[in-house]
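The values are calculated or read from the model by the stated rules, or taken from the named source; none is laboratory data. Computed from a predicted structure; not experimentally measured. With ideal geometry, Cβ positions are generated from the backbone for all residues, glycine too; neighbour counts draw on all protein chains shown. The area values use the complete protein model at the heavy-atom level, side chains included, leaving out ligands, DNA and RNA. Shrake-Rupley method; radii C 1.70, N 1.55, O 1.52, S 1.80 Å.
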Amino acid sequence: PVPVGTSIEFGNFSFSFNDEEQAKTLWLIALLSVLSVWMIVSALLESWSGPLFVISAIPFCGIGIMLGTLANDLAFDRGAIAGALLSIGAVVNNAILLIHQKQLEHKAGIRGLRCWIRIFQQRLRTILITTSTTIVGLLPMMIFGTDTFWEALAVIVIWGLFLSTGFLLLMSGIWESRKRIGFLKASV
């Protein structure tokens, strides 16, 4: 089963919408949503590079969503779509917390690896508490759920949050090491 108005053709690995106008509308909505997040975060942080980090959290969440869908053999229906939106929102919030704390550390004059260590000291606990309580709170719904809507929502949120939070924390360390390596090459 697939969402209403969609079809999957096996053999050529395509996912398409039956209505061309509906497909254009959904792509436009997705593009405008990402652009809106970009503009809001850019304005609030007064930065162009911070929102890149925030927007990059969305594909990480997409990886978790796809793996959760495949591993649990779910139809990507209304429950899965709602779960995807919920997990994307939560992981974008986590990325905003990290970047905002980085901005605060830079204003205090702390830079480099020491900056990210302070960021993790300040925000890691908050991110892990909200992520783990969400995941643990949804586990009973995933394990004992009898309604497919809520079960799909729980599975997608758990997979999306778990993997994207891990990728986000890993990426934040890589983000800083990339800058540090560039700095070392420039100084040599």
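Quick notes
- Distance between region 131-147 and region 85-122 - C-alpha centres, whole angstrom: 27 Å
- Heavy-atom surface of region 54-156, accessible at 1.4 Å and reported per residue (Å²): 54 Å²
- Accessible area, probe 1.4 Å, largest first, for residues Glu105, Glu151, Glu21: Glu21, Glu151, Glu105
- Met142 contributes about 50 Å² of solvent-accessible surface, heavy atoms of the protein only, 1.4 Å probe.
- Magnitude of the charge dipole for region 89-154, about its Cα centre and with charges confined to Cβ atoms of Lys, Arg (+1) and Asp, Glu (-1), is about 680 debye.
- The 3J(HN,Hα) values that the Karplus relation (6.51, -1.76, 1.60; θ = phi - 60°) gives for region 51-65 are, in residue order, x, 4, 4, 5, 5, 5, 5, 5, x, 4, 5, x, 4, x, 4 Hz. Gly and Pro appear as x.
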